[in-house]
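S.K.: Okay, here's the structure, questions in a sec.
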Amino acid sequence: MIYRSRLVGWGGYLPARIVTNAELAQRVDTTDEWIVQRTGIRQRHIAGEGELTSDLALGAARKAMAVAGKVAADIDIVIVATTTPDETFPATATKVQAALGMTRGAAFDVQAVCAGFIYALAVADNFIKAGQARNVLVIGAETFSRILDWEDRSTCVLFGDGAGAVLLTAEEAEGKPGDRGLLSTHLHSDGREHDALYVDGGPSSTGTVGHVRMVGQHVYKHAVTKLGAVIEEALEANGLTASDIDWLVPHQANKRIIDSMRQRFGLDEDKVVLCIDRHANTSAASVPLALAEAMDDGRIKPGDLVVLEAIGGGLAWGAGLLRI
């Protein structure tokens, strides 16, 4: 017998304020038609004044804990994947830990930009497999609007704010592809691609927060090839094929990239969880937000095989296979 990381809780949280493409078109030289045609985005949620990444993370965490029927005393580790922490230090996760009323365990952040949630899942899974934790709260949370250049129409239309969380618990399993839980995670990065997607600031370089800079076509090309390859890697590692996939829960960055993945693996449109039209790209929050939405409305059911994938700055990318 081995331990699997079983999904027992999930939750999403979005700021109240919605900004439509039409509203953005009043600020920068763009149109709703242009944005929808190239990205699939129609609107995004933007954090309000004084609303922090930790606030969004906490909202999602509480929902995940409620679904799981867990309280603060049950949680061993809190991991927050974020590129937009409340402060340079301490970790945003420690603020969530305190707000939840946790007085034990550990809390820390993971930074892999849009791939951050997949990275955080991998870290949580390894703690559980090693027997060092039983219940791990994994959160992706971003206030990406705070690092956007609102005069750069090539980037400011793409992103939004939000948070998603899952609660993983250790459960004995047989070590077979039919097990329920996280079957495997697969992580990659290539630092040579730094200039494709980065923020032009930081504590050590400029002493400022900086803004997002992106070479869109370059990122698109890498996303299509690298995401396809890492999904194949995950399937092969578990002796599975594309025909075994019940759901694709992709990073919500660009509908054309998502469509490319769907077509590559022969999936029908109704087997892909799509919320980019309403959420835009919420970076590390996008995958858990989409997963929570599909779990809440009952689309994803017990026993389903779910593929999670994301790519972001670094470049960093990864995938995971999760049987519900």
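The values are calculated or read from the model by the stated rules, or taken from the named source; none is laboratory data. Every value quoted in this text rests on a predicted model; they were computed, and no experiment measured them. Glycine also receives a Cβ, built like all others from the backbone with ideal geometry; neighbour counts cover every protein chain displayed. Quick note on the areas: whole protein, heavy atoms, side chains included, nothing else; ligands and nucleic acids left out. Shrake-Rupley method; radii C 1.70, N 1.55, O 1.52, S 1.80 Å.
S.K.: How big is the Kirkwood radius of the stretch 211-277, worked out from every pair of different alpha carbons and given in Å to one decimal?
M.R.: Averaging 1/r across every pair of different Cα atoms and inverting gives 12.8 Å.
S.K.: Taking the convex hull of the Cα atoms, report for the chain its projected area averaged over all directions, in nm².
M.R.: Over all viewing directions, the chain projects a mean Cα-hull area of 15.3 nm².
S.K.: Separate question: Among 242, 212, 227, pick out the residue whose Cα is farthest towards the positive end of the charge dipole of the stretch 155-280, where Lys and Arg carry +1 and Asp and Glu carry -1 on C-beta, about the Cα centre.
M.R.: Of the options given, the answer is 212.
S.K.: Non-local amide H neighbours of residue 149 (under 5 Å, H modeled in plane, Pro and chain starts lacking H): which ones?
M.R.: Here the answer is 212, since their amide H atoms fall under 5 Å of that of residue 149.
S.K.: Could you give me the ³J(HN,Hα) list for the stretch 57-65, computed from phi with Karplus coefficients 6.51, -1.76, 1.60 and θ = phi - 60°, whole Hz, x at Gly and Pro?
M.R.: For the stretch 57-65, the Karplus-derived couplings read 4, 5, x, 5, 4, 4, 5, 4, 5 Hz, x marking Gly and Pro.
S.K.: I would also like to ask the following. To the nearest whole percent, what portion of all C-alpha pairs in the stretch 87-188 is separated by more than 16 angstrom?
M.R.: Across the stretch 87-188, Cα pairs with separations above 16 Å total 66 percent.
S.K.: Could you work out what % of the accessible surface of the stretch 82-148 is carbon and sulfur, using a 1.4 angstrom probe and leaving DNA, RNA and ligands out of the count? Don't jump to the answer; show the numbers that get you there.
M.R.: Details: 1360 of 2530 Å².
Here carbon and sulfur together make up 54 percent of the probe-accessible area.
S.K.: Taking just the C-alpha trace of the stretch 1-160, give me its Rg and Dmax in Å.
M.R.: 17.6, 59
S.K.: Please list, in order along the stretch 145-151, the HN-Hα scalar couplings obtained from phi with the Karplus expression 6.51 cos²θ - 1.76 cosθ + 1.60 (θ = phi - 60°), rounded to whole Hz, x for Gly and Pro.
M.R.: 4, 7, 10, 8, 8, 6, 9
S.K.: Which residue, 122, 253, 242, has the most motion in a Gaussian network model of the chain that connects Cα atoms within less than 10 Å?
M.R.: It is 242.
S.K.: Ok, one more. Given the DSSP H assignment, sum -39500 (n - 2.57) over each helix run of at least 4 residues in the chain and divide by its residue total; what's the result at 222 nm in deg cm²/dmol, nearest 500? Write down the numbers at each step before the final one.
M.R.: Details: 10 runs with 102 residues, N = 324.
Result for the chain: -9500 deg cm²/dmol, rounded to the nearest 500.
S.K.: List, in order, the whole-Hz ³J(HN,Hα) value for each residue of the stretch 247-257 obtained from phi through the Karplus relation with A = 6.51, B = -1.76, C = 1.60 and θ = phi - 60°; use x for Gly and Pro.
M.R.: Coupling constants for the stretch 247-257: 9, 10, 10, x, 4, 8, 9, 7, 5, 5, 5 Hz.
S.K.: A further question on this structure: Would you mind working out the magnitude of the charge dipole of the chain relative to its Cα centre, with +1 at each Lys and Arg C-beta and -1 at each Asp and Glu C-beta, to the nearest 20 Debye?
M.R.: Using Cβ point charges on Lys, Arg, Asp and Glu, the chain gives about 380 debye.
S.K.: If I model a spin label as a point 7 Å beyond the Cα along the Cα-Cβ vector, how far apart are those points for residue 108 and residue 264 in nm?
M.R.: Simple spin-label model gives 3.1 nm for this pair.
S.K.: Still on this structure: Can you give the Kirkwood hydrodynamic radius for the stretch 277-324, in Å, rounded to one decimal and based on Cα pairs?
M.R.: It works out to 11.9 Å.
S.K.: With every protein chain kept in place and ligands, DNA and RNA left out, what is the accessible area per residue of the stretch 1-147? Probe 1.4 Å, answer in Å².
M.R.: Working: 6260 Å² over 147 residues.
Per residue, the stretch 1-147 has an accessible area of 43 Å².
S.K.: Enumerate the aspartates and glutamates that residue 301 could reach by cross-link, defined here as Cα to Cα under 16 Å, with residues fewer than 8 away along the same chain left out.
M.R.: Leaving aside aspartates and glutamates fewer than 8 places away in the same chain, those within reach of residue 301 are 179, 244, 246, 270, 293.
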